[in-house]
Amino acid sequence: MKLSILVPIYNEKDNLEPLRAALLGTLDILGKPFEVILVNDGSIDGSAEVMDAIAASDVRFKIVHFKRNFGQTAALMAAIDHATGDVLIPMDGDLQNDPQDIPRLLERIEQGYDVVSGWRKDRQDQALSRILPSKIANWLISWISGVPLHDYGCSLKAYRRGVLSNVHLYGEMHRFVPIYAAWEGARISELVVMHHPRKFGTSKYGLGRINRVLLDLLVIRFMQKAFDRPIHFFGTVGTISLGTAFLAGLWALGLKLIEGTSFVSTPLPLLAAFFALSGVLFILLGLIAELQMRVYFESQAKRFYTLRATRNITGEIGPPS
Ligand code: UDP
Ligand code: MG
């Protein structure tokens, strides 16, 4: 079983050498084949040179340099793309995660879990600006996604390679990888891991992250519910809207016929027009989304189902031709 340790690096010059030492301290004793993939996410502090020096002295350290800063999610995606291991273990490059937890993560994988998610139970960050928002976010993400975890934001996790084969990350979605894995049918486990305060360099994030995570969560929810049938989502909203328009119109007509109320003296006709228009627009959006969805799946011969196994089935798959 080969391990791939995946580390996004953005301006972590002073952390790299201690990170290398800490990783080797654990991995050399563990005795499994491994590679460490360091993705330089457009660092401008001289991290690149330190990374190249590390790679020159040890071929198990593989480096991917981005042309500019693309963000932690892109860096993790690139690391996954270049990984050759059977178990993929992302972690932060700032020494806040501790490589000493890696053997415990692996134990869980060996017990048969596909995903082991780190939980920074004793988190070493500012209480008010980091820990509290993260508590609320984790509760919300767990609730909305139906995949209950205490610490989505913890980078240190372990994945069996197979559960990542269909994962495509955009925005700030690296924290949602366990949800993608759960969609693939993965068995997920959670493990308390160590967390240290940042010694060198600074955090790359502020409060602006909260809103971006919430928007990403909306995308996740939509994909989970309606990715392969967008017309059902937009169409339902559209139908409700059209129904509301019909009722408002009926009410206005009733008032006019029974009580002689003029159309212009109530807001009902306006409401009817508003809801009728929104209803039509929602349904049209649903139709466009249906076309998009078909382009996505059919242009790449993708399927929206995933298989666990087949029996006595060989050869090419696909519709009869
Ligand atoms: N990171 C990155 N690109 C970015 C921002 C961050 O590769 O645009 C890396 C960073 O170098 C670190 C990890 O992502 O290894 C986590 O970042 P940070 O420690 O700033 O996040 P925090 O721990 O404060 O949530
Ligand atoms: Mg950090």
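The values are calculated or read from the model by the stated rules, or taken from the named source; none is laboratory data. Note that the structure is predicted; figures quoted are calculated from it, not measured. Every residue, glycine as well, gets a Cβ built from its backbone with ideal geometry; the counts of neighbours run over all protein chains shown. Protein only, heavy atoms only, side chains kept; ligands, DNA and RNA dropped before computing areas. Shrake-Rupley method; radii C 1.70, N 1.55, O 1.52, S 1.80 Å.
Worth a mention:
- Put simply, when 154-161, 79-86 are sorted by average Cβ atoms within 10 angstrom per residue, most first, you get 154-161, 79-86.
- Whole-Hz couplings from phi, Karplus 6.51/-1.76/1.60, listed for the stretch 113-118; x for Gly and Pro: 7, 8, 9, 10, 9, x
- Figure note: GLU172, GLU259 ranked by solvent-accessible area, largest first, 1.4 Å probe, ligands and nucleic acids not counted: GLU259, GLU172.
- Cross-link pairs exceeding 18 Å between alpha carbons, from the set LYS135/LYS199; LYS13/LYS121; LYS2/LYS157; LYS62/LYS199: LYS135/LYS199; LYS13/LYS121; LYS62/LYS199.
- Dipole magnitude (debye, nearest 20) for the chain, charges at Cβ of Lys, Arg, Asp, Glu: 620
- Neighbourhood net charge (12 Å Cβ-Cβ; Lys/Arg +1, Asp/Glu -1) for TYR10: -2
- Per-q log10 I(q)/I(0), the chain, q = 0.08, 0.09, 0.15 Å⁻¹ (Debye; single scatterer per alpha-carbon; no solvent): -0.49, -0.59, -1.23
- Peptides 144-152, 176-184, 162-170 ordered by average Cβ neighbours within 10 Å, highest first: 176-184, 144-152, 162-170
- Positive-pole candidate from LEU277, THR314, PHE297, dipole of the stretch 246-321, charges at beta carbon: THR314
- Residue-span extension gain [LEU284 to TRP143] - 0.36 nm each, minus C-alpha spacing: 47.7 nm
- Entry note, the chain: the mean residue ellipticity at 222 nm calculated from DSSP H runs of n ≥ 4, each adding -39500 (n - 2.57), is -15000 deg cm²/dmol after division by the residues and rounding to the nearest 500.
- Under Stokes-Einstein, with the Kirkwood radius over Cα pairs as Rh, the value for the stretch 188-321 at 4 °C and 1.567 mPa s is 63 µm²/s.
- Within the shell defined by Cβ-Cβ distances under 15 Å, the residues around LEU207 carry a net charge of +3, with Lys and Arg each +1 and Asp and Glu each -1.
- Each Lys and Arg adds +1 at its Cβ and each Asp and Glu adds -1 at its Cβ; summed about the Cα centre, the stretch 122-207 shows a dipole of about 220 debye.
- Cα-centre dipole for the stretch 85-162 with unit charges at Cβ (Lys and Arg positive, Asp and Glu negative), debye to 20: 240
- HIS65 long-range amide H proximity, modeled H, under 5 Å: ASN40
- Of all accessible heavy-atom area on the chain, the percent that carbon and sulfur account for (1.4 Å): 62
- Report note on the peptides 23-35, 226-238: ranked by the mean count of other C-beta atoms within 10 Å, highest first, their order is 226-238, 23-35.
- Interchain or long-range residues, amide H under 5 Å from LEU6's placed H: ILE37, ILE89, MET91
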